[in-house]
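The values are calculated or read from the model by the stated rules, or taken from the named source; none is laboratory data. Small disclaimer: the values here were computed from a predicted structure and weren't measured. Positions of Cβ are backbone-derived with ideal geometry, glycine not excepted, and every protein chain shown enters the neighbour counts. Side chains are part of the model used for accessible areas, which takes the heavy atoms of the whole protein and leaves out ligands, DNA and RNA. Shrake-Rupley method; radii C 1.70, N 1.55, O 1.52, S 1.80 Å.
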Amino acid sequence: MKALVWHHKNDVRCDTVPDPVIEHPRDAIVKVTSCAICGSDLHLHDGFMPGMKSGDIIGHEFMGEVVEVGNDNKRLKVGDRVVVPFTISCGECDQCRKGNFSVCETTNRNKHAADKVFGHATAGLFGYSHLTGGYAGGQAEYVRVPYADVGPVKIPEGLTDEQVLFLGDIFPTGWQAAVQCDIQPTDTVAVWGAGPVGQFCVRSAILLGAKQVVCIDNIPERLSMAEAGGAIAINFDEENVVERLNDLTDGKGPEKCIDAVGMEAHTAATIDSVYDTVKQAMKLESDRAHVLREMMYVCRPAGIISIPGVYGGIVDKIPFGMVMNKGLTIRTGQTHVNRWTDDLLSRIQEGQIDPSFVITHTVGLEDAPEMYKVFRDKEDGCVKVVIKP
Amino acid sequence: MYAKSKHRQLKNTAKALGIFSLMLGAIEVAAPGTVSRAIGGGSKIARHNKPLLRTYGIREIATGVGILKSHKPAPWIWARVAGDGLDMAALANKFRHSQHGRRNIAIAAAAVAGITALDIYCAKSLSRKKARKRALMYNYSDRSGFLVSPRAMRGIARSYVTPPDMKAIPAPLTQARGQKPPAGGVPESPRKTSGNEGSRLFS
């Protein structure tokens with residue numbers, strides 16, 4: 001079959017690889033009908049995530065048709081149309097029972113390595129390095145889905161791939177980021193990053209009833225999309241983020257701040273961003289933390305900082321005194337996708353939201369390696385790329 | 001086609017400047033005395049200038065690494081321009097206070113001026129390209145994702161019950177402060193969900 005294979009930093013290719021096979025009675029094989037390039041795939045592409053090996057099949061946002069089912073899998077049958085969450089969960093461990101699916105204690109096949117790096121292992125993820133289990137990803141014609149009697153979400157008839165594909169990652173990710181802010185009707189929610197996850201953060205905060213939602217970026221077309229979803233836009237190339245946020249909140253700062261940017265923050269030429277870039281280039285720091293610092297600075301005392309943006313390793317010069325003295329709450333983590341999918345699928349069916357608004361490019365597998373660069377460099381108005389294998 | 005080859009040319013110039021930065025930095029760090037003597041300082045002055053030249057060398061290496069590692073090198077080239085300014089200031093200071101070797105200092109200053117001009121040209125061209133690209137506006141103002149206006153959708157999920165492990169303030173504290181429930185007047189979802197449906201499947 002054809003699949004997108006990571007070879008090296010900035011080197012993703014469409015290769016011919018062996019077809020996947022059932023390895024465990026709970027498995028299923030899914031024929032991928034649609035998949036997407038996620039912002040966190042760029043961290044792999046750009047060489048920021050540790051634990052990648054040449055030959056790894058990438059991609060963790062995908063859906064398709066079940067074509068083979070293991071003997072012990074009583075939940076799925078051949079022909080089912082499913083969206084597959086990017087987190088692989090057993091459904092039986094303590095964490096899964098609490099709804100903390102992204103920190104499942106069972107599914108990470110490389111637990112020892114992850115224990116060493118993170119202290120304790122987290123869940124297995126599709127196509128996202130050997131630190132998260134080394135599972136083959138879904139930017140392929142076929143994919144093996146482990147624990148397929150737990151994660152996959154069956155899709156009812158009448159909904160297109162484009163409407164439901166993002167239930168596997170970015171929609172629940174934006175939703176969880178907003179939910180863990182515990183949004184009140186009096187709240188201002190500031191969202192850093194108008195990429196795909198940022199867009200869903202904006203819409204989730206609107207649906208949950210925030211008084212005002214502000215979105216910060218410097219890409220005009222992305223900001224126009226955020227404004228369409230109900231946000232007030234701040235272009236950090238044109239105005240001072242902290243001053244504007246304070247102006248919008250009577251000088252008190254936003255109660256809730258969401259970092260939908262993560263480890264590769266691009267900013268105006270501030271002292272800390274230059275410092276981060278130099279240290280990162282010299283391998284003395286893995287992640288650029290400008291957004292975290294700005295959120296900690298501007299967030300209202302007793303506020304909440306929610307971090308769906310992916311960080312991979314070590315950040316530097318974090319003003320933790322601000323966090324402590326202002327009594328800020330930090331909530332972060334990979335998304336507990338299955339915790340939210342039933343509810344979000346209902347909202348799509350009811351017409352509350354149509355997630356396909358975010359798609360700007362649709363390509364075949366062969367053209368997808370080039371789209372990684374287009375997406376990374378935000379060229380051609382690119383916000384979200386869907387791949388049709 | 002022209003634009004692409006011009007862009008490639010600029011990228012190559014940036015790369016060359018990055019390599020130059022690395023080499024100059026390495027020389028300044030490894031042999032600051034030799035560099036000082038070459039630009040007109042005696043051995044006593046060379047000894048005195050060593051720490052400064054080493055610092056400048058580290059700066060050159062940092063900008064060189066930045067230029068070569070980044071796929072958007074313009075900010076790093078601007079950092080080189082700033083560094084050129086420091087170099088010129090140091091040379092001017094030296095020129096004022098030196099009795100000997102002024103000719104070598106003048107040659108060094110001319111060389112720095114030449115490389116500064118190249119830096120500025122490269123940085124400006126790369127920045128202009130970025131600005132041109134940003135001006136290509138794709139308008140997504142019709143992509144709300146909602147069937148009706150965001151104003152009408154605001155709060156439609158307000159009845160959603162935040163899961164207990166994600167509440168901002170425990171309920172008793174909220175009640176003690178006398179907080180009122182949310183104001184009405186917005187459409188509400190008929191369903192009340194805790195967000196834990198998935199986990200209940202497995203408990």
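Yes or no: A:Glu294 away from every other protein chain (no Cβ under 12 Å), surrounded by 20 or more Cβ atoms within 10 Å (Cβ to Cβ), in a helix (DSSP H, G or I) and not aliphatic (A, V, I, L, M)? Yes, satisfied. It is to be established whether one or more residues within region A:212-225 are facing another protein chain (nearest Cβ under 8 Å), surrounded by fewer than 24 Cβ atoms within 10 Å (Cβ to Cβ) and within 29 Å of A:Cys90 (Cα to Cα). No: region A:212-225 contains no residue that is facing another protein chain (nearest Cβ under 8 Å), surrounded by fewer than 24 Cβ atoms within 10 Å (Cβ to Cβ) and within 29 Å of A:Cys90 (Cα to Cα).
When A:His120, A:His112 are checked against the criterion of being more than 14 Å from chain B (Cβ to nearest Cβ), free of Cβ contacts under 8 Å to residues at least 40 places away in the same chain and not in a loop (DSSP other than H, G, I, E, B), A:His112 stands alone in meeting it.
Taking the conditions (1) under 30 Å from A:Arg331 (Cα atoms); (2) surrounded by fewer than 19 Cβ atoms within 10 Å (Cβ to Cβ); (3) modelled with pLDDT under 90 in turn, B:Ala168 satisfies each one other than (2).
Identification of helices (runs of 4 or more DSSP H) wholly contained in region A:166-276 with 2 or more residues that are within 21 Å of A:Gly312 (Cβ to Cβ) and either touching a residue at least 12 places away in the same chain (Cβ under 8 Å) or of a type in the set (Asp, Glu) (or both) yields A:170-179, A:196-207.
Look at region A:48-78 and say how many of its residues are over 24 Å from A:Trp340 (Cα atoms) and without any contact (Cβ under 8 Å) to a residue 24 or more places away in the chain. Number satisfying all stated conditions: 1.
Filtering region A:126-173 to residues that are within 19 Å of the chain's Cα centre (by Cα) and among the polar types (S, T, N, Q) leaves A:Ser129, A:Thr132, A:Gln139, A:Gln163, A:Thr173. Applying the criterion of being more than 13 Å from A:Val164 (Cβ to Cβ) and open to solvent by 40 Å² or more (accessible area, probe 1.4 Å) to the residues of region A:332-366, the residue that is nearest to the other protein chains (Cβ to nearest Cβ) is A:Glu350.
Please tell me if B:Ser144 is open to solvent by less than 40 Å² (accessible area, probe 1.4 Å), within 14 Å of chain A (Cβ to nearest Cβ), within 21 Å of A:Leu223 (Cα to Cα) and polar (S, T, N, Q). Yes, satisfied. A count restricted to region A:67-79 and to residues that are outside any loop (DSSP other than H, G, I, E, B) and either surrounded by fewer than 22 Cβ atoms within 10 Å (Cβ to Cβ) or among the basic types (Lys, Arg) (or both) stands at 2. Applying the set (1) more than 14 Å from chain B (Cβ to nearest Cβ); (2) open to solvent by 40 Å² or more (accessible area, probe 1.4 Å); (3) touching a Leu at 6+ places or on another chain (Cβ under 8 Å); (4) in a helix (DSSP H, G or I) to A:Ile318 leaves exactly one unmet item: (4). Tally time: how many residues in region A:100-140 are among the acidic types (Asp, Glu) and either surrounded by 20 or more Cβ atoms within 10 Å (Cβ to Cβ) or modelled with pLDDT under 95 (or both)? Number satisfying all stated conditions: 1.
Out of B:Leu118, B:Leu173, B:Leu126, one residue alone is more than 10 Å from every other protein chain (Cβ to nearest Cβ) and at pLDDT 90 or above. It is B:Leu118. Taken over region B:1-57, the criterion of being assigned to a helix (DSSP H, G or I), open to solvent by less than 30 Å² (accessible area, probe 1.4 Å) and modelled with pLDDT under 70 is satisfied by B:Ala46 alone. Could you grab me the full set of residues in region B:133-154 that are modelled with pLDDT of 95 or more and touching a Pro at 6+ places or on another chain (Cβ under 7 Å)? B:Ser144, B:Gly145 - these are the residues of region B:133-154 that are modelled with pLDDT of 95 or more and touching a Pro at 6+ places or on another chain (Cβ under 7 Å).
Residue-level check: of (1) at pLDDT below 95; (2) in contact with a Ser or Thr (Cβ under 9 Å, 6 or more places away or on another chain); (3) not basic (Lys, Arg), A:Asp316 misses just (2). In region A:28-55, of all residues being assigned to a strand (DSSP E or B) and open to solvent by less than 30 Å² (accessible area, probe 1.4 Å), the one that is farthest from A:Val5 (Cα to Cα) corresponds to A:Ala28.
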